[in-house]
1. Which pairs have Cβ atoms under 9 Å, sit 6 or more apart or on different chains, and link a residue in segment 279-290 that is part of a loop (DSSP other than H, G, I, E, B) to one that is of a type in the set (S, T, N, Q)?
2. Can you give me the number of residues within segment 266-277 that are touching a strand residue (DSSP E or B) at 6+ places or on another chain (Cβ under 7 Å) and either surrounded by fewer than 23 Cβ atoms within 10 Å (Cβ to Cβ) or in a strand (DSSP E or B) (or both)?
3. Looking at (1) buried (at least 23 other Cβ atoms within 10 Å of the Cβ); (2) at negative phi, find the lone condition where Leu315 falls short.
4. Cβ-Cβ under 8 Å, sequence separation 6+ or interchain: first residue in segment 1-18 and assigned to a loop (DSSP other than H, G, I, E, B), partner at pLDDT 90 or above and surrounded by 15 or more Cβ atoms within 10 Å (Cβ to Cβ). Which pairs?
5. Which residue pairs have Cβ atoms closer than 6 Å, lie 6 or more positions apart in sequence or on different chains, and pair a first residue in segment 57-78 that is under 13 Å from Asn139 (Cα atoms) with a second residue that is small (Gly, Ala, Ser) and modelled with pLDDT of 55 or more?
6. If you scan segment 220-244, which residues turn out to be without any contact (Cβ under 8 Å) to a residue 12 or more places away in the chain and closer than 15 Å to Pro295 by Cα?
7. Assess whether Leu380 counts as being farther than 16 Å from Thr195 by Cα and either not assigned by TED's automatic domain parsing to the domain that holds Ile87 or not aliphatic (A, V, I, L, M) (or both).
8. Modelled with pLDDT of 90 or more, buried (at least 18 other Cβ atoms within 10 Å of the Cβ), among the small types (Gly, Ala, Ser) and under 24 Å from the mean Cα position of the chain (by Cα), is that true of Ala119?
Amino acid sequence: MNRSTTALFAALEATIVVGIGIGIPLLPLTILWGVQFGFGPDWAVVWRAAADIWLLGHGVDVHVTLDEVLALSLGAGAADSAFFIRIAPLGFAVLTVLLAIRAGSRIGETRHRDIGGLAALGTVAALGALITFTSLHANARPSIVQGLLLPVLVFALGLGIGLLRTRRAEGDDNGSSIRDWINDWSPTVRAAVATGLRAGAASVAALLAVSGVVVAVLMLVNYAQIIALYESLHAGVTGGIVLTIAQLAFAPNLVLWAVAWLVGPGFAIGAGSSVSPLATQLGPVPAVPVLGALPTGELAFGFVGIAVPIIIGFLVGAVLRQKLVEVLDVERPWLWLAGVGLGAGVVAGAILAALSAIAGGAAGPGRLAEVGADPLAVGLVAALEVGLACAAGLVFSRNR
């Protein structure tokens, strides 16, 4: 393909990514608009709602202002009639990253990948601006600056991964000054740093996998409570489908909250509430069916959950020990092994703190202004648990 064709191809790929993302909330909301409301209200309301959901999913804050009648019907006072929604349904961001990786891989196969990448980013920036400005309303107003920047940054993350993966597959290492600088390090330092990064990332990945299983088990165990909440909403078939799709968009958030629960600090569903391995203290909770899976009361064996990151850290250290020991050429290898384990804890803590920060935020007025986990607490505790356990695994496990 020549330059023009590559640019058009990349723009089409980017348009498909944005179209799929905005179409997920737009299609069911349009069906709900037709079935439940008989095409009565202006369809622009549906578009703005879908646009706000898509923007929220990419981290854009939305300022909501309720009129007095609606605020009173929802039990909100005059002080709570204007508020921010900052919690991001991360399913949309995850979908954008995955689709952007695919787009980046396809663009990377062309001869003019740089032009293709710029065309794709420009297209997402233009579409993001269009979505942002057409969603502005007095009652729900997304942040213009965030709407112009954050969707592009999320797409750029996936696009960059896709392009880099294609270049590595082709053996194209041109212009990699960072790689040349790393190659100048001694083999011992290179291996120690690489093992620390690998161990920290592997520990986080294992924690996410276990947390996903925990969330699935809780939903199965509390299936009756979830169904009861569905029935209490009287949303109908179409409304139930829309509600289910909305909850699926928050699935990554639920998994990250489960990570915070396993690590120890837990998370909150509203100010003054706490969901942790030791006990659950909840005040009034929104009637969202998936929240029926939350554990309640004191858990007799809840402390067992805290052992999960410790076991994972130890196993990761034990698995990576042999390869690291083979390249260590130092007098006291156990000091290096312990340092690598503690470094892995720092990496894991930093990653989990960042993920916890983007998984929480204000979900409404009043006490709902605090939803999610404390990023600092999760990061510090995870760094301590994973770091010490990984260091123990590296130092005390035997080579296989």
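The values are calculated or read from the model by the stated rules, or taken from the named source; none is laboratory data. As the structure is a computational prediction, the values presented were derived from the model and not from experiment. Quick reminder, even Gly has a Cβ in these numbers, built from the backbone with ideal geometry, and neighbours come from all protein chains shown.
1. Every condition considered, the pairs that remain are Leu282/Ser273; Leu282/Ser274; Leu282/Thr296; Gly283/Ser273; Val285/Ser273; Ala287/Ser232; Val288/Gln247.
2. Filtering segment 266-277 down to residues touching a strand residue (DSSP E or B) at 6+ places or on another chain (Cβ under 7 Å) leaves 266-270, 273-275.
Retained after the next criterion (residues that are either surrounded by fewer than 23 Cβ atoms within 10 Å (Cβ to Cβ) or in a strand (DSSP E or B) (or both)): 267-270, 273-275.
The number of residues fulfilling the criteria is 7.
3. Here Leu315 clears every test but (1).
4. Met1/Phe9
5. Taking only residues 6 or more apart or on different chains, the pairs are Val62/Ala140; Val64/Ala140; Thr65/Ala82; Leu66/Ser81; Ala71/Ser81.
6. Answer for segment 220-244, where residues must be without any contact (Cβ under 8 Å) to a residue 12 or more places away in the chain and closer than 15 Å to Pro295 by Cα: Leu220, Tyr223, Ala224.
7. Here the answer is yes, as Leu380 does meet what is asked.
8. Numbers: modelled with pLDDT of 90 or more: yes; buried (at least 18 other Cβ atoms within 10 Å of the Cβ): yes; among the small types (Gly, Ala, Ser): yes; under 24 Å from the mean Cα position of the chain (by Cα): no.
No, not satisfied.
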